[in-house]
Amino acid sequence: MKRLLAALCLCSIAAVSHAEISQKLGSLEVHYNALTTDELLPDVARTYKIERSKTRGLVTISVLQRNKVGVAVPVPARLTLYATNLSQQLANIEMRAIKEGTAIYYLGDFRVVAPDTLKFTATIEVEGEPRHEMTFTQKFYK
């Protein structure tokens, strides 16, 4: 499964416009990415039960926190995510947790009709931490 996660990450950073990026929120480091699902390798999409399509998007989020020795490790989080398009239409995105070994990441799929730019707003809650909110935008060209 770790190979599939690596394939998902590699596939998702294949295009410069879809490079994974991160934000620091207090003691948390949040990595995120959004792309159309047709960019996924067929085996990866099948494993994670994701429909490959130019009109379906996928957002991935992982939440890391430094442990006592300073190493960033995945932590469980409660995520709420929604997206707005250029017409200000709102879509809630249900996130599902994927746990593989020590890795924890969250996937959510949504409808997208390119060309469009989506603004994502995420609320992130980790036990023992204040609630954080972050936003990011992603352009979809296809």
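Annotations for the structure displayed:
- Simple spin-label estimate for Asp116 and Glu129 gives 2.9 nm between the two label positions (7 Å along the Cα-to-Cβ direction from each Cα).
- Karplus-derived HN-Hα couplings along region 128-139 (A = 6.51, B = -1.76, C = 1.60, θ = phi - 60°), whole Hz, x at Gly and Pro: x, 10, x, 5, 10, 10, 9, 10, 7, 10, 9, 8
- Per-residue HN-Hα couplings for region 75-80 [Karplus 6.51, -1.76, 1.60; θ = phi - 60°; Hz; x = Gly/Pro]: 10, x, 9, 9, 10, 10
- Each of Leu107, Leu58, Leu86 has some number of other Cβ atoms within 10 Å of its Cβ, and from fewest to most they run Leu86, Leu107, Leu58.
- When the helices of the chain are scored as -39500 (n - 2.57) per DSSP H run of n ≥ 4 and the total is divided over every residue, the value at 222 nm lands at -3500 deg cm²/dmol.
- Computed from phi, the 3J(HN,Hα) profile of region 21-37 under the Karplus parametrisation 6.51, -1.76, 1.60 (θ = phi - 60°) reads 10, 9, 10, 9, 10, x, 8, 9, 10, 10, 9, 8, 7, 9, 7, 7, 6 Hz, with x in place of Gly and Pro.
- Listing Met95, Met134 from fewest to most neighbouring C-beta atoms within 10 Å gives Met134, Met95.
- Under 20 Å between alpha carbons - lysine pairs in region 2-140 that sit 8 or more apart or on different chains: 8
- Under-5 Å amide H pairs with Arg111, H placed in peptide plane, nonlocal only: Gly57
- Amide H to amide H distances under 5 Å link Ile93 with Leu81, Tyr82, Ala83, where only residues 5 or more positions off or on other chains count and H is placed in the peptide plane.
- Calculated translational diffusion coefficient of region 2-140 (4 °C, 1.567 mPa s; Stokes-Einstein with Kirkwood radius over alpha-carbon pairs) equals 84 µm²/s.
Coordinate-derived values only; no laboratory data. In this text, all values refer to a predicted model and were calculated from it rather than measured experimentally. Virtual Cβ from ideal backbone geometry, glycine too; neighbours counted across all protein chains shown.
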